[in-house]
Amino acid sequence: MMAAYGCGVRAACERIARGKERDKVPLPSAGRKGRPTHTVGSPWKDESFRTLETRYERWLKREKERQKKLTVKIHFTLL
């Protein structure tokens, strides 16, 4: 949503909560020339945008922690 509309977290959450037809995000599919052929609505329609914002922030924190754990350090020794 943020990438599709070039907006921040709060604006994206407000658009998701509205769930209106014009707020749908086009999804790329196997259409010709890479053009989107369909859109997806919002299962969170009528949800408070503040709730969505909080959920996103919690998810982002968990995702950053998860990715930090996946970091691999390789030590080289020259012989």
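Observations on the structure shown:
- Neighbours by Cβ (under 7 Å, 6+ apart or cross-chain): first from the stretch 1-25, farther than 13 Å from Phe49 by Cα; second assigned to a helix (DSSP H, G or I) and not aliphatic (A, V, I, L, M): Met1/Arg15; Tyr5/Arg15; Asp23/Arg15
- Taken over the stretch 21-79, residues that are in a loop (DSSP other than H, G, I, E, B), modelled with pLDDT of 70 or more, more than 18 Å from Ala4 (Cβ to Cβ) and not aromatic (Phe, Trp, Tyr) amount to 12.
The values are calculated or read from the model by the stated rules, or taken from the named source; none is laboratory data. Here the structure is a predicted model, which means the values were calculated and not measured. Virtual Cβ from ideal backbone geometry, glycine too; neighbours counted across all protein chains shown.
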